[in-house]
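Heads up, the thing below is written out as structure tokens.
The values are calculated or read from the model by the stated rules, or taken from the named source; none is laboratory data. Given the structure is predicted, the values throughout are model-derived calculations rather than measurements. Cβ coordinates were reconstructed from backbone atoms using ideal geometry, including for glycine residues, and neighbour counts include every protein chain displayed.
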Amino acid sequence: MLDSRYLYLHEALGLGPMWLSQSARLHVTAIDASTNTDQNNEIANHKLPSEITAAAVYPTLITANNLQENINTNLSDRNNRLNALHSILKKNKKTDNTTLKSVSTPESMAANNSTNSSITTPELVLQFDEIPTSIATCTRCSLHQERCAPIVGHGDKSARLLVITPNPAPADDSSQQLFSGETGKLLNNMLAAINIGANEVFYTSQVKCAPNISLRITPEQIQACMPALQAQIKHIQPKAILLLGQVFNQLEEQNCLGNYLLNIPYVIAPHPARLLHQSHLKASAWSALKTLHNYLQ
């Protein structure tokens, strides 16, 4: 049962009608004669004395109101952030449909291979030493809007092994180092298993910017970043290339990886980040590593 004064307090505080079921019963308690007579008369007439504040009479409601205001503020902040992300993604989609129409995709590369033995030549030609300056201000695809900063790659510039990942991970973007954290440790252990030290490797990626919002890379983004990757391959001239990730299997099915990698021997292995969660792929990774070892002899 509810004391009738709760109803009066609820409505006096501007909270609207009390939510009650039709079967609810009200228990009206007698007014304590020891309390102030004027206050009791005002409560009986559905009024609150002006000198009694809501916080003093029913502080839990004030706390609830403040809590609701905080919740509303947090929801408003969250909605603002979501709206900002949607705006970026919408702008990215518009960019893909306008400024990138002339960029070739892996599908168009495969079509060109059927009539011509070479892939489409990127419209931008870079030299190895030009890459850091070029990608620092690059806006050739939408990923420049998502990154912290582009990542060129690192390692021995005359390495006998080139390791290529599809893109920097968000954690790599934060640390500005490819294969950061546990992923990098596992990769180093994988290469050590075939007697390849970190000082014999150059690590790079298909695209140089992390997709922090979209989390995926598109064929247009790959093609936009191809001049930088091909400049690295031409300069390093590794004996073999290790490709990490399923996306390279798709490119291999389109018969465009050979020219894309300048006909350097390559193997495709599961990405270390995936191996950390799917240990059943280790057998496939080990098979690829043994083939890679043969290429490097």
**OP:** Can you run down the residue pairs with Cβ atoms below 8 Å, 6 or more apart or on separate chains, where the first is in segment 218-234 and closer than 14 Å to residue 129 by Cβ and the partner is buried (at least 21 other Cβ atoms within 10 Å of the Cβ) and of a type in the set (Ser, Thr, Tyr)?
**Re:** 232/204
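Report whether or not residue 262 is part of a loop (DSSP other than H, G, I, E, B) and either without any contact (Cβ under 8 Å) to a residue 60 or more places away in the chain or aliphatic (A, V, I, L, M) (or both).
Working: part of a loop (DSSP other than H, G, I, E, B): yes; either without any contact (Cβ under 8 Å) to a residue 60 or more places away in the chain or aliphatic (A, V, I, L, M) (or both): yes.
Judged against the criteria, residue 262 is a match.
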Subject >> Pairs, first within 10 Å of residue 208 (Cβ to Cβ) in segment 142-156, second at pLDDT 95 or above and of a type in the set (Phe, Trp, Tyr), C-beta under 7 Å, six or more apart >> reply: 153/202; 153/203
Subject >> From 112, 167, residue being modelled with pLDDT under 90 and either at negative phi or within 24 Å of the chain's Cα centre (by Cα) (or both) >> reply: 112
Original post:
Does segment 198-217 hold any residues that are surrounded by 20 or more Cβ atoms within 10 Å (Cβ to Cβ) and not small (Gly, Ala, Ser), and which are they?
Top reply: 201, 202, 203, 204, 206, 207, 208, 209, 211, 217
**OP:** Kindly list, by first and then second residue, each pair from a residue in segment 190-207 that is free of Cβ contacts under 8 Å to residues at least 24 places away in the same chain and outside the structural domain of residue 218 (by TED's automatic domain parsing) to a residue that is hydroxyl-bearing (Ser, Thr, Tyr) and assigned to a loop (DSSP other than H, G, I, E, B), limited to pairs with Cβ atoms under 9 Å and residues at least 6 apart or on different chains.
**Re:** none
